[in-house]
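Below is one structure; the comments refer to it alone.
The values are calculated or read from the model by the stated rules, or taken from the named source; none is laboratory data. This is a predicted model, so every value here is computed, not measured. So basically every Cβ, Gly included, is an ideal-geometry build from the backbone, and we count neighbours across all protein chains shown.
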Amino acid sequence: MPIARWFCNLALWATPLSLASTGCGDAPGEQTDTQPGITTATTTTTSPASETSEATTDATTDASGSTTQTPTTGVPTTTSDPTTTTAGETEQTTGEPLPCDDRFAFDPDPPGTGTFLKVLVSDPEPLVFVDLQASGPGQASIMFDDVVANNPFTWAWDVTSLAEGVWTFTFLAGDPQQTVGQCQVYVHDTGEPPPPPMGDCEGKVCGDDDGNGGYCQTCPMVGECLDPPSPYGPSPDQSPWECLDNAGCHEESGNCTIWCPGEPCNMEAHPDGCPQGVESCFVSASYTSYEEACKACCESRFHEPTQEYACWDEAHSLCRYPTDCGLPLWP
């Protein structure tokens, strides 16, 4: 069935498929002209199963008038005739909850047609090239919002224009992309869908006023590359690392969250630990160079035991222990 999707090739996220397209790298890399790393797509899908469901049962009340609520997914389960098991109708007709990976969370829960929907997906790994797809009985608009947490790593999307019925959300990551998790939810009829937010962000960056009561999302360093490529990527199969494919925009502060390469800590040489934690860098949206943004992040990492800051090794495009820049890589 047709799919409405947002695609982000990143990192951090930014952070590694170890997670991510909403990640960061060349691997993390398709961009749009006005909002790098973010693509909004809408697809209309007519689901015979959904149409049948709407014709035979209300979203909240079945033929017998009994309805129960599944707390984990926000999807109603209805005791009814168990003979109909058409895709998209199972939960409505058999009383079984719709399948949903526990990586997913929704706000509001349960979803409704008359509100904006925030879809959150979490994973313990910093996946790259993350992508959210949605398929269901109508048109949907999906826009990446931000990487909102890193323990666990959590990506957020704004979804609008959902029609009533069963929708399937699919979370993908990696290069090539693979399905990481899926969740089906029932969207209730709560009124007319709100129009997707519109604004003019041409030539503007993350945090700028879009002229329509909102903020622009563009992080200019998305799509830019490291020269030379870094020997360390978000995961072993993402190395070497070169280009940033995605960033999270913090609208109110005008800062972007990006993934940057850092050398693994050599605990034998540095038993006091290492300061180069750059998997989640908070940098100004004024940076247009990925390398300059990573350098600024790296050199802000303070090492208390030595009272020194981490250093950015330009020869390897890598954040390193304060005294290791210019030395051979280990091991």
- prompt: Which one is nearest to D102 (Cα to Cα), of the residues in the stretch 185-230 that are of a type in the set (D, E, K, R) and at pLDDT 85 or above?
  reply: D189
query: Taking C298, is it surrounded by 24 or more Cβ atoms within 10 Å (Cβ to Cβ), among the hydrophobic types (A, V, I, L, M, F, W, C) and at pLDDT 95 or above?
result: yes
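For every residue, the table says whether it meets (1) hydrophobic (A, V, I, L, M, F, W, C); (2) over 25 Å from L117 (Cβ atoms); (3) buried (at least 16 other Cβ atoms within 10 Å of the Cβ).
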{"residue": "V159", "(1), (2), (3)": "yes, no, yes"}
{"residue": "L162", "(1), (2), (3)": "yes, no, yes"}
{"residue": "C183", "(1), (2), (3)": "yes, no, yes"}
{"residue": "P194", "(1), (2), (3)": "no, no, no"}
{"residue": "C216", "(1), (2), (3)": "yes, no, yes"}
{"residue": "D237", "(1), (2), (3)": "no, yes, no"}
{"residue": "S253", "(1), (2), (3)": "no, no, no"}
{"residue": "C256", "(1), (2), (3)": "yes, no, yes"}
{"residue": "C260", "(1), (2), (3)": "yes, yes, yes"}
message: So D189 passes all but one of these: (1) of a type in the set (D, E); (2) within 20 Å of T115 (Cβ to Cβ); (3) touching a Leu at 6+ places or on another chain (Cβ under 7 Å). Which condition number does it fail?
response: (3)
- prompt: Quick check: anything in the stretch 313-320 surrounded by 14 or more Cβ atoms within 10 Å (Cβ to Cβ), out of contact with any Lys or Arg (no Cβ under 7 Å at 6 or more places or on another chain) and either basic (K, R) or modelled with pLDDT under 95 (or both)?
  reply: yes
message: Please return the ranges of strands (runs of 3 or more DSSP E) entirely within the stretch 72-178 where 1 or more residues are among the aromatic types (F, W, Y), modelled with pLDDT of 90 or more and at negative phi.
response: 104-107, 153-160, 165-173
query: Which condition number in (1) charged (D, E, K, R); (2) under 24 Å from P264 (Cα atoms); (3) surrounded by fewer than 18 Cβ atoms within 10 Å (Cβ to Cβ) is the one that E242 fails?
result: (3)
